[in-house]
Every structure is written in C-alpha cells, then in structure tokens.
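Heads up: the structure comes next, in structure tokens.
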Amino acid sequence: MTAEPPPGQNPYGSAPPPPPGGYPPPGSYGAPQGPYGAPQGPYGAPQGAPLPPGAPAPLAEWWERLVARIIDNVIFGVAYAILSAILTSIFRPSVADLLENPAGTLFLPGFLAALIAFGAYAAYDYTLHSKDGQTIGKKVMKIKVVGVGGAPLDSSALMKRSALYPGVLALYGIPVLYYLAGAFAFVTGLFILIDKPLQQGLHDKVAGTVVVKAPR
C-alpha cells in the first residue's frame, strides 16, 4: 500500500504550486535571484559592473558619440554649403580669373563660409555644453559631457574644448590647412576608440571632460 504524501506536497515530489494570485518562488524560471534589497548598479550599467576611475556614470559608446556628432555636423555642414554658394555668387569671378588662378579666386568665398558656419558651430557647441552638457545630437543619443570624476563643467575648459573641436573646422576654408583640420578631426575620433580607461578625445583631455550616458 502506497503511503500518502505529507499535506501540501505534490505527489511527484516537486515544490507546491504558488497560491492563487501569488508569484512563483525565486529561481523557478532558472534565473538566479539576488537578495531582496541588494544595491543596484549605476544607471545604464549591468548590476555590479565597476566604473572606470574618474567616470561618474557609465561611459557613452563610441558609436553613440559618432551619431551625435553626425547630427550636429549635418546642421552646420548644410549651412557651410549654402554660404559657399551664396558668397561665390556674390564674388562672382570672371572666366579669365578662374583660368589664371582658380584656387586663389575661390579662396575668399570658401574661407568666409567656413569661418561663419564653423565659427557658429563652435559657439553652438560651447553654449549648449555649458548649459547642460548636451548638444542636440547628444540629446537625441541620450549622452552628455561631464567633468572627470563628476567635477563641475568649467567655462574656460569648455571653451578650449569647443575651439579644438569643432572650432578647428573653420580651417576648412584655407588651402593646405584644411588637410591639417581633417587630420586633427580624425585623430580626435581615433583617441575616443583607443584611449583607456575614459575614452577621451584630444578635446576631452584638454578640457578634463568625459562623455557618459545620460539618465534615461
């Protein structure tokens, strides 16, 4: 004769089902359960993942920074193209001038267009970062500029940061120097990929800033 199981126990030896309206017991889905009330990790980071020294929040991914820059660059790149077309029509060179010295003839419109468009870009970059650490591109990507270690953003440091990049783009209107501006922009992006542990560009290092994920 088979013995009856103790009251409340499933006849096949498994744990009793949860009461009506209750939750399954911890671990019933195969996932380990932490202790109740365990501290949560920083926002946006895996629970318990350590932050690099000097990072007050999880670092922004390189591609998030790239997309944010593309969004901001498009605004002023379009402005540069429009200004170049307008100024070229104002300083309309003759065919003889173009044949004699094409680079010199087109220098002034290109220089003025770059100075106005990318000078405005540097002012935009400085003003918005001074306000809350975010340009339009960074707001879209939910990342922001903060001081290393959570230090307050310093106005003079942010001014240097914006002058280095994107301010260097104003050199695009000057023959030969635009190669240096392009090389600097490339090296700045490269530093974000290879710099450890804070993934700082050259402009970040000068300003003492780091780009992190914004609270979601």
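Just so it is clear, none of the values below were taken in a lab; they were calculated from the coordinates. A quick note: this is a predicted structure, and the numbers were derived from the prediction, not measured. Cβ sites come from the backbone with ideal geometry, for glycine too, and all protein chains shown count toward neighbours.
Can you compute 3J(HN,Hα) from phi for each residue in segment 120-127, using the Karplus curve 6.51 cos²θ - 1.76 cosθ + 1.60 with θ = phi - 60°, rounded to whole Hz and x for Gly and Pro?
5, 4, 5, 5, 4, 4, 5, 5
Just the ratio, please: alpha-carbon radius of gyration of segment 104-216 over 2.2 N^0.38 Å, N its number of residues.
It is 1.13.
Please arrange Thr188, Thr135 by counting, for each residue, the other beta carbons lying within 10 Å of its beta carbon, fewest first.
So the residues, fewest neighbours to most, are Thr188, Thr135.
Can you pick out the pairs among Lys142/Lys196; Lys144/Lys213; Lys139/Lys213; Lys138/Lys213; Lys144/Lys205 whose Cα atoms lie more than 18 Å from each other?
Pairs exceeding 18 Å: Lys142/Lys196.
Taking amide H atoms as placed 1.01 Å from N in the peptide plane, list the residues 5 or more away in sequence, or in a different chain, whose amide H sits under 5 Å from that of Ile143.
Under 5 Å from the amide H of Ile143 lie the amide H atoms of Ala214, each far enough along the sequence or on another chain.
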